Amino acid sequence: MSDPTLPPLYDRWMTNHLPGPVTPEPRATCEDCVMCSKPDGTMPAVAYPFNPRVRCCSYTPHLPNFLVGAILADDHPATAAGQVSVRERIAAGIGVTPLGLSHSPVTATLHNASVNAHGVSEALRCPHYVVEDATCGIWRHRNGMCATWWCKHERGATGHHFWMTLKALLDAVEQALARWCLLELDYGVGGLPMTLIRSGEEEIGRLDANALDGRVDPSVQSLYWGAWVGREEEFYQACAARVAPLAWKDVLDICGPDVGLFAKGLLDAWMAREAHDVPARLRLGGFHLLGINEQGATVVTYSPFDPITIPALLMTALHYFDGRSTEEAFQVLADERGLQLDDALLGALLDYRVFVDAPE
Ligand code: SF4
Ligand code: SF4
């Protein structure tokens, strides 16, 4: 049986929640990264190519306590490198709290301030990325962000919306379950700042001397960890043991209305991805021109990583879609330009928001 698209724990929960399996995005060919230049020098048709030594693994993921514990407890060979990198993060102590492992404030600030560096800069590379074989050391236990990010989406913005809604749900589940683990383990929360309890991560942009120099203040660490100080790995594994047996119904009960709302939103996003409705009136959405040749124009709509090519003939006739009825626009297009849009092209133009719904 092939690996599920999602990490096994999240796959089990989503199998219980969604009407069908979550399948990968076929145009994001990770085994031969579609965003990187080829050895013969062929460049991908995107705003800028990625660096094969980084690919899309351009940030340091926040890992909730139960995922840290699951990595440490997993004896699968695919997780061996991840155990090393997670132990390195724990030993470094930066962003290591009972809620999980968060990014260092310096890395987070660099990431936020960078421009066109995602996928390129090695300074931003994830500590769990295994450069030698271009794999993820914690693949089986990666977080919601990593499990849902794709550079390309079969259904453009419609597909992107589905994955971002799933990300929002998994983010909320991770935050809530990380807090639930503190209650389960009778952890005294007195030492944790309230802002940290809410988000699970240190505030970005707060760079004191310790943060800038990569040092950890031992007094803060002992305040954070209380009776568990020095036993961080044991704590994380205890969290994983609490979460591993939970059914999706348990997760919904524990996590409350926040997660309930996101779960409902995900079902709506699933249905939207299944639907192929054509609005009664269409107008043009916004796009940036990336390149043009005799075949047509390559434009960026919802993402710089997933441009679309509009055929040259159609490019000169887009102005017919000005809010008049879709039926009339098609008729004029046929009468005046002899053009007929087939279903596949029309679907792509809608999915990529070249055409958008025009309210009456
Ligand atoms: S999702 Fe990441 S690794 Fe996969 S093809 Fe896209 S950029 Fe490459
Ligand atoms: S955790 Fe894995 S998938 Fe996520 S950024 Fe790091 S290497 Fe990439």
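The values are calculated or read from the model by the stated rules, or taken from the named source; none is laboratory data. Keep in mind it's a predicted model, so treat the numbers as computed, not measured. Here Cβ is always computed from backbone atoms with ideal geometry, including for glycine, and neighbour counts include all displayed protein chains. These area figures cover heavy atoms from the full protein model, side chains too; ligands, DNA and RNA do not enter into them. Shrake-Rupley method; radii C 1.70, N 1.55, O 1.52, S 1.80 Å.
Table: residues versus (1) away from ligand 1 (no atom under 16 Å from the Cβ); (2) modelled with pLDDT of 95 or more.
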position: Leu9; (1), (2): yes, yes
position: Trp13; (1), (2): yes, yes
position: Tyr59; (1), (2): no, no
position: Pro77; (1), (2): yes, yes
position: His103; (1), (2): yes, no
position: Asn116; (1), (2): no, no
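I need the full set of residues from the stretch 142-173 which are aliphatic (A, V, I, L, M) and either open to solvent by less than 40 Å² (accessible area, probe 1.4 Å) or not assigned by TED's automatic domain parsing to the domain that holds Ile197 (or both), in order please. Break it down into steps so the answer makes sense when it comes.
To start, the set of residues in the stretch 142-173 that are aliphatic (A, V, I, L, M) comprises 145, 147, 157, 164, 166, 168-170, 172-173.
Answer for the stretch 142-173, where residues must be aliphatic (A, V, I, L, M) and either open to solvent by less than 40 Å² (accessible area, probe 1.4 Å) or not assigned by TED's automatic domain parsing to the domain that holds Ile197 (or both): Ala147, Ala157, Leu166, Ala168, Leu169, Leu170, Ala172, Val173.
Return the total of residues in the stretch 81-101 being crowded, with 22+ Cβ neighbours inside 10 Å, under 14 Å from Val216 (Cβ atoms) and without any contact (Cβ under 8 Å) to a residue 60 or more places away in the chain.
Residues that pass the stated criteria total 1.
Checking Ala269 against (1) at positive phi; (2) touching a residue at least 60 places away in the same chain (Cβ under 8 Å), which test does it fail?
The failed condition is (1).
Tell me yes or no: at least one residue of the stretch 102-119 is under 19 Å from Cys239 (Cβ atoms) and either open to solvent by 40 Å² or more (accessible area, probe 1.4 Å) or more than 12 Å from ligand 2 (Cβ to nearest atom) (or both).
Within the stretch 102-119, the subset under 19 Å from Cys239 (Cβ atoms) is 102.
Now narrow it down to the ones that are either open to solvent by 40 Å² or more (accessible area, probe 1.4 Å) or more than 12 Å from ligand 2 (Cβ to nearest atom) (or both): 102.
So far as the stretch 102-119 goes, yes, one or more of its residues are under 19 Å from Cys239 (Cβ atoms) and either open to solvent by 40 Å² or more (accessible area, probe 1.4 Å) or more than 12 Å from ligand 2 (Cβ to nearest atom) (or both).
Within the stretch 29-63, can you find the residues that are within 16 Å of ligand 2 (Cβ to nearest atom) and open to solvent by 60 Å² or more (accessible area, probe 1.4 Å)?
Within the stretch 29-63, Cys30, Glu31, Pro52, Arg53 meet the criteria.
Go through the stretch 129-172 and count every residue that is within 12 Å of ligand 1 (Cβ to nearest atom), among the β-branched types (Val, Ile, Thr) and in a helix (DSSP H, G or I).
Residues meeting the conditions: 1.
Can you tell me which of Ala123, Ala178 is open to solvent by less than 40 Å² (accessible area, probe 1.4 Å) and either touching a Pro at 6+ places or on another chain (Cβ under 6 Å) or not in a strand (DSSP E or B) (or both)? Before the answer, list the steps.
Working: Ala123 fails: open to solvent by less than 40 Å² (accessible area, probe 1.4 Å).
After ruling out the rest, the residue left standing is Ala178.
If the Cβ limit is 9 Å and pairs must be 6+ apart or interchain, which residue in the stretch 24-47 that is outside any loop (DSSP other than H, G, I, E, B) pairs with which residue that is at pLDDT 90 or above and charged (D, E, K, R)?
What qualifies is Cys30/Arg55; Cys36/Arg55.
Tally time: how many residues in the stretch 128-147 are within 18 Å of Pro4 (Cα to Cα) and out of contact with any Ser or Thr (no Cβ under 9 Å at 6 or more places or on another chain)? It would help to see each step written out before you state the result.
Step one: list which residues in the stretch 128-147 are within 18 Å of Pro4 (Cα to Cα), which gives 135-147.
Then keep just the ones that are out of contact with any Ser or Thr (no Cβ under 9 Å at 6 or more places or on another chain); that gives 135-136, 142-146.
Of the residues in that region, 7 qualify.
Kindly check whether there is at least one residue in the stretch 261-269 that is open to solvent by less than 40 Å² (accessible area, probe 1.4 Å) and over 21 Å from the mean Cα position of the chain (by Cα). Explain how you work it out, then say what you get.
First, pick out the residues of the stretch 261-269 that are open to solvent by less than 40 Å² (accessible area, probe 1.4 Å): 263, 265-266, 269.
Retained after the next criterion (residues that are over 21 Å from the mean Cα position of the chain (by Cα)): none.
No, there is no match, as no residue in the stretch 261-269 is open to solvent by less than 40 Å² (accessible area, probe 1.4 Å) and over 21 Å from the mean Cα position of the chain (by Cα).
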